[in-house]
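Rule-based calculations on the coordinates, nothing more; no lab input. If you're wondering where the values come from, they're calculated on a predicted model, not measured in any experiment. All Cβ positions, even for glycine, are placed from backbone atoms using ideal geometry, and neighbour counts span all protein chains on display.
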Amino acid sequence: MQKPRFPITDDHIHIDPERGIGMKAVREFARSGGTHLFLVTKPSWSYGITPTIPEDFRMVFEKTIALAAECCREGVVAFPVLGVHPAEISRMTGRMSLAEAESLMIGALELAARFVSEGSAVALKSGRPHYDVESAVWDASNRVLYASLESAADCDCAIQLHAESGPCADVVEMAQKAGVPVSRVVKHFATPDTPLHPSFIAKDDCIADAARDGRPFTMESDYMDERDRPGSVLGPRSVPRFTLRHLEAGAFTEEDIWRIHALVPRDVYHVEISL
């Protein structure tokens, strides 16, 4: 395979060798020009786990770390992002109290933060439901979110947020209170109006404008890697393909690509991205 001229980084992707195509997706990413990815923890139910204590998430995190190492053996640099999907709270409250679910999620995030502190992962993942929930669940989810911001501050790492569509502007004050730079709070599946760091889905029409304006942002596929939902949300080739389309159309220069796919992720995650 010819050495790429520039890095192409997927800021939010999942790989699932049991429910999806696993390393085949990573090879497709690489063949399309992808070089680096941020490998994000899938929900516990993707691994057949029904957590009752924080330690039950250890296998989820260790599998993500092991998959990242396997990606690296395929020639793609993978950075593990560990955390608890905010939708877990809805499943947990079917078998335990809301207070118990909140405590379990916070404990699991603290466990994830320990992996980051040890150098096994680079960032945390948290958020709040992106669907309608009762006010008590919303309040509990915000407490979990705030606790995750505190954990990110403690281990000096970035954090990806899976949350409702829109700016999530209230998270700015939460991040400031917790001690996390807003520039390191990544809004996964972002909209242009967010004051947080935007990670735009690769096909988003706003990307060309954001590049022209010199706005810091990253690109993602949110590829789920599940056989019963092929290509959801976008396929593994999406970030490289849309990046190259923007280059061919004149919306990106090669300097833009280096900034979007190397310099900006370096500043957000404090990782080195090079060829």
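Fraction of C-alpha pairs exceeding 28 angstrom in the chain: 30 percent, rounded to a whole number. I'd like the trypsin sites (Lys or Arg not before Pro) in segment 44-135 restricted to DSSP loop residues with at most 14 other Cβ atoms within 10 Å, sorted by number. Passing both the DSSP loop test and the Cβ count: Arg95.
By other beta-carbon atoms within 10 Å, ranking Tyr47, Tyr269 with the fewest at the front produces Tyr47, Tyr269.
GNM on the chain, alpha-carbon springs under 10 angstrom: the most fluctuating residue among Asp56, Asp16, Asp225 is Asp56.
Which of the GluC sites (Glu not before Pro) across segment 172-275 are loop residues per DSSP, with 10 or fewer other Cβ within 10 Å? Counting only loop positions with at most 10 other Cβ atoms within 10 Å, the GluC sites (Glu not before Pro) in segment 172-275 are Glu272.
Once you've got the GNM for the chain with C-alpha springs shorter than 10 Å, pick whichever of Ile207, Ile65, Ile49 has the biggest mean-square fluctuation. Evaluated over the chain, the most mobile residue of the options is Ile49.
A simple charge model with +1 on the Cβ of Lys and Arg, -1 on the Cβ of Asp and Glu and nothing else charged puts the dipole of the chain at about 800 debye relative to its Cα centre.
With the Cα gyration tensor of segment 223-265 giving a ≥ b ≥ c as the square roots of its eigenvalues, does the rule (a/c under 1.5 for rounded; else a/b larger than b/c for prolate; else oblate) give rounded, prolate or oblate? Cα axes put segment 223-265 in the oblate bin.
Remark: spin-label model distance Glu164-Tyr131 equals 1.5 nm, labels positioned 7 Å along the Cα→Cβ axis. Shown for Cys155, Cys72: other C-beta atoms within 10 Å of each C-beta, ranked fewest to most, produce the order Cys72, Cys155.
Residues His261, His246 in ascending order of nearby Cβ atoms (within 10 Å, fewest first): His246, His261. Here the sum of -39500 (n - 2.57) over DSSP H runs of 4 or more residues, divided by the residues of the chain, equals -12000 deg cm²/dmol at 222 nm, to the nearest 500.
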